[in-house]
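> First the structure, then my questions, so here it is.
The values are calculated or read from the model by the stated rules, or taken from the named source; none is laboratory data. These figures come from a predicted structure and were not determined experimentally. Positions of Cβ are generated from backbone atoms using ideal geometry, with glycine treated the same way; all protein chains shown enter the neighbour counts.
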Amino acid sequence: MDNYDFEKIPLWNDDTVNFDILSDEVNGRIPVTRLEHWQDFTRLLEAPFFNRPKTQLVFRGHRRFDWGLMPTLARIPESGIIDKELADTQLDYFRRAVRGRLSNNGLVLEDEEDELWAVGQHHGLMTPLLDWTYSPYVALFFAFSKEDSEEEKENDYRAIYVLNRTFIADDELCPEIRMFEPRKDDHGRLVNQAGLFTFSPYDSTIENMLADTISDEDFDDDELRNAPEEDQANIIAKYICKIYIKNEDREGCMRHLRRMNVHHASLFPDLIGASEYCNLIVAEERREYELEQSTRRVKESQLPAVDTTRPEKPRVFESDEEGVPILAAILDSQAEKRVEPGRIQLIAERINKEIQQLQVVDWYEREAILAKIRSTLRITLRKLGYPANARDVAIASILDVLTKDAKAKGVAIDD
């Protein structure tokens, strides 16, 4: 989703419940609110709205803001909707395929369908199940645990869905959506993740089924029935809502969750979890080391003062000695929030190397190359923690200075 207007999403307010229903292709009919840092999530959870008496909530974290509540089996039909025939066919195939391969062969029996779906979900089978957790911090972990892919579109926010389990579990109020907690957990993941599943309703999505149920004139909620239109989003959010969280400081979020014992090794009590835990720790330590080295280099030679808006002599970034100080000065001048000099230096060094690799003959007149440079710079700035609200301006400034330098000297760097 290019250029999504996140300002349309209301910012969470501690004093008043603040949701809106945008009815767009990203959010559908789900009430949404927005946080500008993951640290605000704890504050949000303490609000009375998320601590209503006799109401149990469950949570689901998404790495990208534009992912909906689509089970894996729903990816097969073009409509994105599972029908009973598709589900029955998949389960029948799986039941026959696992004969003799399960420690508990009783799961292939007709009355063990839910348990069999759960086993399949754990082992990568496309199913009508969605994973949820009783723990909001486990959901935050799954929202932030993985880095964004360089090949993907820009991802300014991550997301957490909140579902009213008390309402869903009441078959009289919500008969079309089921929740399921497996009796068996051979791998320990469900217990450690405080996990449970929802079954996607046949011939609909969870979002639409819930919206249809709640909007029915016979739905038993006097508050919703009598509320003015501008207040309805806040009431519907009691049943389901989506929280946008700014996609910044991912490593800080992971460190915070580790202090709460929420990490790969605790949530995945197997060798895969242990391996992921080690991968994350060693990557963080390496980045901290690189940041320390950059800080040391800054102290050894202070950055020269450079007028980035009116360069007296246009220069081409032909070397680290020439390019890095100019880039660092641009990055430092455009950041509204203070960024430590060592991080500025590290980002400038990375960007300088990327620019050298991407400059080819007449690069500044070739839109495809310019687009590639913009994309590469955006990914680097995001990964290395440059403030999100300054990235676009910094990229434009870098390209402006670089292009003027190249045109002024008629430079063309060969492939």
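> So if I check each of L11, L57, which one is at pLDDT 95 or above, in the same structural domain as F197 (by TED's automatic domain parsing) and either among the β-branched types (V, I, T) or surrounded by fewer than 17 Cβ atoms within 10 Å (Cβ to Cβ) (or both)?
Criteria check complete, one pass: L11.
> Moving on. Determine which single condition T213 fails, assuming it passes every other condition in (1) under 20 Å from W12 (Cβ atoms); (2) in contact with a Cys (Cβ under 7 Å, 6 or more places away or on another chain).
Of everything listed in (1) under 20 Å from W12 (Cβ atoms); (2) in contact with a Cys (Cβ under 7 Å, 6 or more places away or on another chain), T213 misses just condition (1).
> Kindly indicate whether A74 is crowded, with 19+ Cβ neighbours inside 10 Å, farther than 26 Å from Y244 by Cβ and either touching a residue at least 60 places away in the same chain (Cβ under 8 Å) or of a type in the set (D, E) (or both).
No; evaluated as a whole, the condition is false for this residue.
> From the set of residues in region 73-99 that are within 17 Å of E113 (Cα to Cα) and in a loop (DSSP other than H, G, I, E, B), which is farthest from the chain's Cα centre (by Cα)?
It comes out as R99.
> Another question, then. Go over the candidates W38, W67 one by one and state the one that is assigned to a loop (DSSP other than H, G, I, E, B), touching a Cys at 6+ places or on another chain (Cβ under 8 Å), under 30 Å from E150 (Cα atoms) and not charged (D, E, K, R).
It is W38.
> Follow-up. Go through region 114-136 and give me each residue that's outside any helix (DSSP H, G or I) and either in contact (Cβ under 8 Å) with a residue 24 or more places away in the chain or hydroxyl-bearing (S, T, Y) (or both).
L125, M126, T127, P128, L129, L130, D131, W132, T133, Y134, S135
> Now for a separate question. Could you tell me how many of the residues in region 8-52 are small (G, A, S) and over 17 Å from V162 (Cα atoms)?
Qualifying residue count, region 8-52: 1.
> Return the residue satisfying two criteria in turn: it lies in region 372-402 and is over 24 Å from the mean Cα position of the chain (by Cα) and surrounded by 16 or more Cβ atoms within 10 Å (Cβ to Cβ), and of such residues it is nearest to Y289 (Cα to Cα).
Here the residue is I398.
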